[in-house]
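Structure, as structure tokens:
The values are calculated or read from the model by the stated rules, or taken from the named source; none is laboratory data. The shown structure was predicted, so the numbers you read here are calculated from the model rather than taken from an experiment. Ideal geometry is used to build each Cβ from the backbone, glycine not excepted, and the neighbour counts take in all protein chains shown. Accessible surface areas use protein heavy atoms only, side chains included; no ligands, DNA or RNA. Shrake-Rupley method; radii C 1.70, N 1.55, O 1.52, S 1.80 Å.
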Amino acid sequence: MVSILGVSAFYHDSAACLVIDGDIVAAAQEERFTRVKHDHRFPLHAARYCLRESNLTASDLDFVGFYDKPLLKFDRLLETYLDYCPAGFSSFLKSMPLWMSEKLWMPDLIRTELAKAGGEEDGEVDERQAKKNGKKFAWKLLFGDHHESHAASAFYPSPFEEAAILTIDGVGEWATSSIGIGKGNELTLLQELRYPNSVGLLYSAFTYYTGFKVNSGEYKVMGLAPYGEPKFVETIKDHLLEIRDDGSVKLNQDYFNYSQGLRMTNGAFDKLFGGPPRKPESHIGQREMDLARSIQVITEEVMLKMARYVHRETQMKHLCLAGGVALNCVANGRVLKEVPFEDIWIQPAAGDAGGALGIALAIWHRYLGKPRTVNGCDGMKGSYLGPRDTEEEIENYLRENSLSYTKYSRAELPDVVAKLLADEKVIGVHQGRMEFGPRALGCRSIIGDARSPQMQSVINLKIKYRESFRPFAPSVLREHVSEWFELDTDSPYMLLVADVCPQRRVAISDAEAKLTGLDKLKLRRSQIPAVTHVDYSARIQTVRRETNPLYWEIIEAFRKRTGCPVIVNTSFNVRGEPIVCTPADSYRCFMHTEMDYLVLETFVLSKATKATKTSKEARN
């Protein structure tokens, strides 16, 4: 047995992944345990979970892999500073303490932190003893290239024997995008685009300028785009970047500050677009909507050109994608539809968290030369790779906290939940293994009736406490997806956007068609308005019974009751917090919002029930 622990850390979304004999056994982001959104620190708790999932200790490991090469990143930092000095001195000074204290001593730090992972969950850790213990580990530590880790995470778990590979993000060591080929257990990167030219950093610059948080709010820009018009596309092309036929870009650094400062954009950028960046939490105006639409159009053009170039150069039938930009599901949907690949597959943890999985699989297949087995399904197990809670653990938690609940049998539960959904109740679902990656896929989800015209605003404003413009995703039974959406392929990870079928749309008047901005929200556009965006699109999750049996059965019971195989699915969290992990996290979120019901495996809690009762009392 060969056990490999992959680690990503120290930028954003740190994570750990355990691979045993080529099988992905466990993976999780650190934020889920620490409750710090996008936690960048060493994934101590995630690594501890992965080891305990397989009853291993850190000493039992054969290999540990880190997802990128810190010394090459430091080289970029120094070279960039020298190129811009003295302009970037303040940024350089701010980054140095972490580099000098931790990042340049990565081998020692990893060994020390994994020694701590063997300690008690909440106990005090003796730093000196951990350093001592870390030096005793016999396992081999290997470092991967950032974009090779992304590429490995995209290709090795994919359902394809061979495929073209495209990775796109902000920046790794030097690369910002790369293309390659995967065949069997071999992976070869052929070309790369290098810093400071980056479509990911360009998108993040507009994320910053429209008032959202970089490395967190990019999906908000994507959701805002349909409310705007592409008024700034030509301005962007004339002043900010050159887009070549192969999709590579050259950014005009006169308008950006990310190479030498602490902001993404500068005064020239402000002047070009008519004013300073929007202040976070302030009013979102038409300018922001038009900027969002414009940068989304640019990004789609770049991704389409990159994908077409990869197809021409490799002549492969399939494409695998990873990197943070591969989370842009609108662009992914267009790649699937418009580029002549037979099929595409996107790593569900496409951002830096997925690098932990990528380096672990790269060690198994590339370093050790172990073969891949392809059977038509991907190797991600639905991305259900996180912790699970037993019924006994959940009931103990409920009893210890004197909480009211009703316990149903496994056979009863789907129809109970379906009836609540049909009554337009909003339900938090905590069941099975927690998802790995940024999407909730039915195990840590908030669900509702997609047919309800009020559901989007209710969940956004009263439960998620977030911006009203943000759309929700549909979970749809795979067997029925083509009856409701212009899509007839698997989309299990909510990474493809497609339009609602014309026969499911609701006609709107000429006057209604002229509405602009957030006024578009007022219209009922389809039979499933809660998951239909203002441009008739939807970010689709297809659900198969074999991947998530309980979730499929809930939707099937809802279909039998209502005739509709589609429900609302959004992540089980409130704005600013990570997705829930434990029953305590789920109960806390349930009580702090206006959700109606909470499902913890087969236990159902109602917000309306105040008295403490046992299961039998509740049933009677």
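Summary of values
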| read-out | value |
| --- | --- |
| Relative contact order, percent, segment 153-312 [alpha-carbon distance under 8 Å, six or more residues apart] | 24 percent |
| Distance between segment 451-484 and segment 369-408 - C-alpha centres, whole angstrom | 24 Å |
| Prolate/oblate/rounded label for segment 551-597 (Cα gyration tensor, a/c 1.5) | prolate |
| Dipole magnitude of the chain, debye to nearest 20 (Cβ charges: Lys/Arg +1, Asp/Glu -1, about Cα centre) | 1100 debye |
| Segment 418-561: mean projected area of Cα convex hull, nm² | 8.6 nm² |
| Normalised per residue, the volume of the convex hull around the Cα set of segment 352-395 (Å³) | 126 Å³ |
| Vicinal HN-Hα couplings computed from phi for segment 348-355 (Karplus, 6.51 cos²θ - 1.76 cosθ + 1.60; Hz; Gly/Pro x) | x, 9, 5, x, 5, 4, x, x |
| Burial order of peptide ranges 550-561, 304-315 (average beta-carbon count within 10 Å, highest first) | 550-561, 304-315 |
| Lys/Arg +1, Asp/Glu -1 at C-beta; segment 268-365 dipole; positive extreme among VAL335, ALA356, LEU291 | LEU291 |
| Electrostatic dipole magnitude of segment 139-229 [Cβ: Lys, Arg +1; Asp, Glu -1; Cα centre; debye, to 20] | 280 debye |
| Between segment 497-576 and segment 1-53, the alpha-carbon center distance in angstrom | 33 Å |
| Interatomic Cα distance distribution for segment 74-226, bins of 10 angstrom, percent | 9, 23, 30, 28, 10, 0 |
| Cleavage-rule hits (GluC sites (Glu not before Pro)) in segment 130-170: DSSP loop, at most 14 neighbouring Cβ within 10 angstrom | GLU161 |
| Isotropic mean projected area of the C-alpha convex hull, segment 306-347 (nm²) | 2.6 nm² |
| Karplus 3J(HN,Hα) series, Hz, for segment 35-47 with 6.51 cos²θ - 1.76 cosθ + 1.60 (x for Gly, Pro) | 6, 9, 4, 6, 3, 9, 5, 3, x, 4, 6, 5, 5 |
| Among 397-410, 15-28, the order from most to least packed when residues are scored by Cβ within 10 Å on average | 15-28, 397-410 |
| Percent RCO, i.e. relative contact order, over the chain, from Cα pairs under 8 Å lying at least 6 residues apart | 16 percent |
| Value of D in µm² per second that Stokes-Einstein yields for segment 120-198, Kirkwood Rh from Cα pairs, at 37 °C (0.692 mPa s) | 216 µm²/s |
| Accessible area of segment 122-247 divided out per residue, in Å², using a probe of 1.4 angstrom | 40 Å² |
| Pair-distance profile P(r), taking every C-alpha pair of the chain, with 10 angstrom steps and integer % | 3, 16, 26, 28, 19, 7, 1, 0 |
| Percentage relative contact order, segment 111-187, counting C-alpha pairs under 8 Å, at least six apart | 23 percent |
| Share of carbon and sulfur in the accessible heavy-atom surface of segment 46-184 [1.4 Å probe, %] | 53 percent |
| Segments 526-534, 387-395 sorted - mean Cβ within 10 Å per residue, highest first | 526-534, 387-395 |
| Accessible solvent surface per residue of segment 1-120, calculated while the other protein chains remain in place, 1.4 angstrom probe, Å² | 41 Å² |
| Pairs beyond 19 Å (Cα-Cα), from LYS213/LYS279; LYS135/LYS370; LYS220/LYS279; LYS250/LYS279; LYS462/LYS522; LYS183/LYS317 | LYS135/LYS370; LYS250/LYS279 |
